[in-house]
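Dumping the structure here so I can ask a few things about it.
The values are calculated or read from the model by the stated rules, or taken from the named source; none is laboratory data. What you see is a predicted model, and the numbers here were worked out from it, not measured in a lab. Cβ placement follows ideal geometry from the backbone for every residue including glycine, while neighbour counts extend to all protein chains displayed.
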Amino acid sequence: MSSPSKSPIPEDEVLTKDHGASTQAKPPSTEPVSTSTTSAPPSPFSSPFQEALFIFIIGTSQLFSIGALGNTAFSVEQIGHTLGTTQNAQLSWFLSSYALGGGVFVLVTGRLGDHFGHKYVFMAGWIWMAIWSLVSGFADDVILFDIARGFTGVGNAALVPNSFALLGRAFPPFSTKKNIGFAFLGFCAPAGYIFGGVVGAAFAQNVTWRWGFWFWAIGSLVMSVAAWIVVPHRIGNAIPGLSLWQFDYVGTLLGVSGLILFAFAWSQAPVVGWEEPYTYALLIVGIVLIIAFAYSQSHVSAPVLPNSLWTRKGFVPIVTAMAFGWMSFGIFLYYTTVFILTIRKEGPLSAVAEMVPLVIGGFFATASVGLFIMKVPAQYIFGVSMFSFFIGNLLMSFAEYSDSYWAFIFPACLFVVGGPDLSFASSGILISDAVLPEEQGVAGSFVSTVVQYSIAIGLGIAATVETHVNKGNTDIMLGYRGALWLGIGFAAVAFFIVALFVRDHRFDRSKEGGEVKSRSSRDEEDHA
């Protein structure tokens, strides 16, 4: 997302380029240095307590990011009743608009973090989320609510890449504290959905759903103040050597506009139908703008998404598998939630309780990553994550055949969560191995874009399927099953892509010494 800085980097400061993907430091002196004077760069933290608070704040950003989906999902019936809609195609917009806003702006806000400082864009994300969560709570019609949720997603887009960048810059590579931080960040994703669900369900069931969003606004403001106090300026300042003249304004406009129009067409089609001319017109315009964006990236000095990424061996299969896998996961989350609420007739808080296995499974998935990620080729872990998406949707597609919660819903929630946790960790390893060191930051941010954007696209396509198979809303369960079957298909495609095209080259053994070498280490040796 940013070109490598050409300005010298202070000796006491290790800067992570491109959102924490690679580090640069002043080259060591060639003169002899006594071991007594050699030391690691000083810690930016004043105490272990500040370190712990920092990791907590970074993890909480993920808790709020995913939690905003749960906050809406578990109170979706109450929101729809107040705003005058019960059509599932419109209700799914409440979630997909948020995911869409987050997905299309991740690359942009990450680049802004390079220019203005990751700490300050991170804080701006909290404040932006607070403002639009407040507006969401006051919305009195569907259109305003959808717009407010979309703009709330932009705040989420500011949190995601900059939280990763801050965590990457805070601790040395491969340090225990960094590993703990990223593990906590990963765990907060499934936990966030349940946390948001508890907040939204509790207010919707006992007071009003509007307080769920006002609570979110208050919490976001509190976190912005906490970030200002706790996050050290040294790890949150701007990357030296960048100029706003380098910013890819044309590419940003084309990319954001194209992605929004493409996703809007898919999400709006279930509401008004594909026979509406503006629906497929916007789809066509969106595709044209996306093609124009791709063309523009070869003609600017600092592209938002360099076309060189697409030439790296293994990159396309990884991001394609992530896209299909996370479309499947978005479908699972939404349709499992509405199944519990509408078919099982559970209250919002009871629905949250029935999906608590997401947290339990997430804990074990996070722990397993730490045990296996350095010992097992990442394509196997990546494949298991896609299979987890598949199993979750498959089990939920049979849920209507048993009144017992334990028969299908419990194991579906327990197993599906291996998908997000394992896919984040394994795709990170695979992406690092596939691209050049200077491309790792923008590649990581693009994966975040794919994850959030795929949720929006998946829900739009699923709502289209549901609308066309539920026999004019006379067979609600058939519509739900149609959407879940789509999720099964998406996950199956993702699994076969991983099985056929994704490989972890860390475990390739060199002919000379038989050592395991990563792409980055091989590149370093070549440059040396």
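How about region 301-333: which of its residues are over 13 Å from PRO420 (Cα atoms), among the hydroxyl-bearing types (Ser, Thr, Tyr) and part of a helix (DSSP H, G or I)?
SER308, THR311, THR320
Could you give me the residue pairs with C-beta distances under 8 Å whose first residue belongs to region 279-304 and is free of Cβ contacts under 8 Å to residues at least 24 places away in the same chain, whose second residue is surrounded by fewer than 17 Cβ atoms within 10 Å (Cβ to Cβ) and part of a helix (DSSP H, G or I) wherever it lies, and which are 6+ apart or on separate chains?
So the pair list comes out as THR279/VAL272; ALA294/ASN307; SER298/ASN307.
What is the number of the single condition among (1) modelled with pLDDT of 95 or more; (2) of a type outside the set (Phe, Trp, Tyr); (3) closer than 27 Å to VAL250 by Cβ that GLY103 does not meet?
Here GLY103 meets the rest and fails (1).
I'd like to check something: does region 163-184 contain any residue that is within 30 Å of ARG234 (Cβ to Cβ) and modelled with pLDDT of 95 or more?
No; the residues of region 163-184 include none that is within 30 Å of ARG234 (Cβ to Cβ) and modelled with pLDDT of 95 or more.
Of the numbered conditions (1) surrounded by 14 or more Cβ atoms within 10 Å (Cβ to Cβ); (2) closer than 29 Å to ALA492 by Cβ, THR311 fails exactly one; give the number of that condition.
(1)
Give region 334-375 a look and list any residue that's over 17 Å from ASP421 (Cα atoms), of a type in the set (Ser, Thr, Tyr) and either surrounded by 23 or more Cβ atoms within 10 Å (Cβ to Cβ) or touching a residue at least 12 places away in the same chain (Cβ under 8 Å) (or both), or say none.
TYR334, TYR335, THR336, THR337, THR342
Any residue in region 126-144 that is hydrophobic (A, V, I, L, M, F, W, C) and crowded, with 19+ Cβ neighbours inside 10 Å sitting within a Cβ distance under 8 Å of a residue that is outside any helix (DSSP H, G or I) and at pLDDT below 95? List the pairs, counting only those 6 or more apart or interchain.
Between residues of region 126-144 that are hydrophobic (A, V, I, L, M, F, W, C) and crowded, with 19+ Cβ neighbours inside 10 Å and residues that are outside any helix (DSSP H, G or I) and at pLDDT below 95, the close pairs are VAL142/GLY84; VAL142/THR85.
In addition: Only residues that are over 23 Å from the mean Cα position of the chain (by Cα), of a type in the set (S, T, N, Q) and buried (at least 17 other Cβ atoms within 10 Å of the Cβ): list them for region 199-238, please.
Within region 199-238, just GLN205 meets the criteria.
Tell me which helices (runs of 4 or more DSSP H) are completely within region 1-100 and hold 2 or more residues being at pLDDT 90 or above and surrounded by 13 or more Cβ atoms within 10 Å (Cβ to Cβ), or say none if there are none.
Output list reads 48-73, 76-83.
Kindly check whether there is at least one residue in region 256-269 that is surrounded by fewer than 17 Cβ atoms within 10 Å (Cβ to Cβ) and in a helix (DSSP H, G or I).
no
Report whether or not GLY181 is small (Gly, Ala, Ser), in a helix (DSSP H, G or I) and under 25 Å from LEU91 (Cα atoms).
No.
When you go through SER402, SER448, SER454, SER388 one by one, which is the residue that is touching a residue at least 12 places away in the same chain (Cβ under 8 Å) and either more than 30 Å from VAL271 (Cα to Cα) or out of contact with any helix residue (DSSP H, G or I) (no Cβ under 7 Å at 6 or more places or on another chain) (or both)?
SER388
Answer with yes or no whether GLY150 is more than 26 Å from PRO232 (Cα to Cα) and in a helix (DSSP H, G or I).
So GLY150 fits the description; yes.
Continuing with this model, one more query. Just to be sure I understand the filter: pairs with C-beta atoms under 6 Å, separated by 6 or more residues or on different chains, first member in region 107-119 and over 18 Å from VAL256 (Cβ atoms), second member in a helix (DSSP H, G or I). Which pairs pass?
GLY117/GLY236; HIS118/ASN162; HIS118/ALA165; HIS118/LEU166; HIS118/GLY236; LYS119/GLY236
So, one more: Kindly evaluate GLN440 against the criterion of being crowded, with 20+ Cβ neighbours inside 10 Å and in contact with a strand residue (DSSP E or B) (Cβ under 6 Å, 6 or more places away or on another chain).
yes
Follow-up question, since we're still on this one. Among the residues of region 123-139, is any in a helix (DSSP H, G or I) and at pLDDT below 95?
No, every residue in region 123-139 fails to be in a helix (DSSP H, G or I) and at pLDDT below 95.
Quick check: anything in region 239-254 assigned to a helix (DSSP H, G or I), of a type in the set (A, V, I, L, M, F, W, C) and surrounded by 21 or more Cβ atoms within 10 Å (Cβ to Cβ)?
yes
With region 380-483 as the region, which helices (runs of 4 or more DSSP H) entirely inside it contain at least 2 residues that are touching a Gly at 6+ places or on another chain (Cβ under 6 Å), modelled with pLDDT of 90 or more and of a type in the set (Val, Ile, Thr)?
Output list reads 440-469.
Please state which one of GLY458, GLY428, GLY419 is surrounded by fewer than 24 Cβ atoms within 10 Å (Cβ to Cβ) and under 17 Å from the mean Cα position of the chain (by Cα).
GLY428
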